[in-house]
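What follows is a set of notes on a single structure, which appears directly below.
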Amino acid sequence: MSIARRLKFRVSVSWDDVSGGEVQLEKFPTFGLDMPIEFGGKGRFLGPEELLLSSVGGCLLTTLVWFKKQMDIASLEELKVGVEGTWEKMREGWRITKIDATIKFQAKEDEQEKVEECVEMAKNFCHITRSLEKGILVEVHTEN
């Protein structure tokens with residue numbers, strides 16, 4: 001399978017007349033979005049902050065799974081990515097100052113080294129973290 005040199009993804013977000021909105025996607029169900037309570041929202045749905053962190057974790061996970069398939073790794077008993085973000089109030093307003101991700105996995109002993117190699121490749125090839133790291137400190141750790 002060949003991947004195009006340029007991909008575009010689209011979403012549309014419409015205000016819900018309260019403190020958030022509705023996210024419309026081309027291929028998936030619509031979902032709600034809201035400001036966190038700390039910023040004056042009602043906290044009814046995910047906030048943009050959680051969605052950003054979900055994107056980081058999802059990219060690391062799916063990139064690792066892609067390399068797992070390429071390397072024909074059969075035993076991956078557990079795979080989980082935890083992501084924590086730090087937001088700080090600056091003179092000009094709020095800013096993300098750090099994103100910290102931890103990849104936790106368990107594999108059979110004979111494939112442990114191959115999975116660790118996949119983790120390293122996921123760290124290097126995740127397009128979301130590579131794009132963010134130009135302006136935000138992004139650290140990825142391993143736990144097994």
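Bear in mind that the values in this text are calculations on the coordinates, not laboratory data. Remember, predicted model here, so these are calculated numbers, not experimental data. Here the Cβ is made from the backbone with ideal geometry for all residues, glycine too, and neighbour counts use every protein chain on show.
Of all alpha-carbon pairs in the chain, indicate the percentage at a distance above 19 angstrom.
Values: 6319 of 10296 pairs.
Of all Cα-Cα distances in the chain, 61 percent exceed 19 Å.
Could you check which residue among Glu77, Glu26, Glu49 shows the biggest mean-square fluctuation in a GNM of the chain with a 10 Å Cα cutoff?
It is Glu26.
How big is the equivalent ellipsoid of region 1-46 along its three axes, where each semi-axis is √(5λ) from the Cα gyration tensor, reported in whole Å from largest to smallest?
Numbers: eigenvalues 175, 25, 15 Å².
Ellipsoid half-lengths, sorted descending, are 30, 11, 9 Å.
Excluding residues fewer than 8 places away in the same chain, name every one of the lysines whose C-alpha is closer than 29 Å to that of Lys68.
Lys8, Lys27, Lys80, Lys98, Lys104, Lys108, Lys114, Lys123, Lys134
If each residue of separation counts as 0.36 nm, what is the full-extension length gain between Thr102 and Arg5 once their alpha-carbon separation is subtracted?
Working: separation 97, 0.36 × 97 = 34.92 nm, distance 2.96 nm.
Result: 32.0 nm gained on full extension.
Which part of region 104-131 falls in the paramagnetic zone of Gln70, meaning amide N under 17 Å from the point 7 Å along Cα-to-beta-carbon?
114-131
Under the definition of Cα pairs under 8 Å and six or more residues apart, what whole-number percent is the relative contact order of the chain?
Numbers: 210 pairs, mean separation 25.3, N = 144.
Computed value for the chain: 18 percent relative contact order.
Which value, in Å³ per residue, describes the convex hull spanned by the Cα atoms of region 39-122? Walk me through the intermediate numbers first.
Working: hull volume 8.6 nm³, N = 84.
Output value, Cα hull per residue: 102 Å³.
Specify the angular offset, from 0 to 90 degrees and rounded to the nearest 10, of the alpha carbon long axis of helix 112-125 from the longest principal axis of the alpha carbons in the chain.
With both axes taken from Cα atoms, the answer is about 40 degrees.
Can you sort Val65, Val13, Val115 from fewest to most other Cβ atoms within 10 Å of each residue's own Cβ? Could you put the intermediate results ahead of the total?
Numbers: Val65 15, Val13 12, Val115 25.
Sorted ascending by nearby Cβ count, the order is Val13, Val65, Val115.
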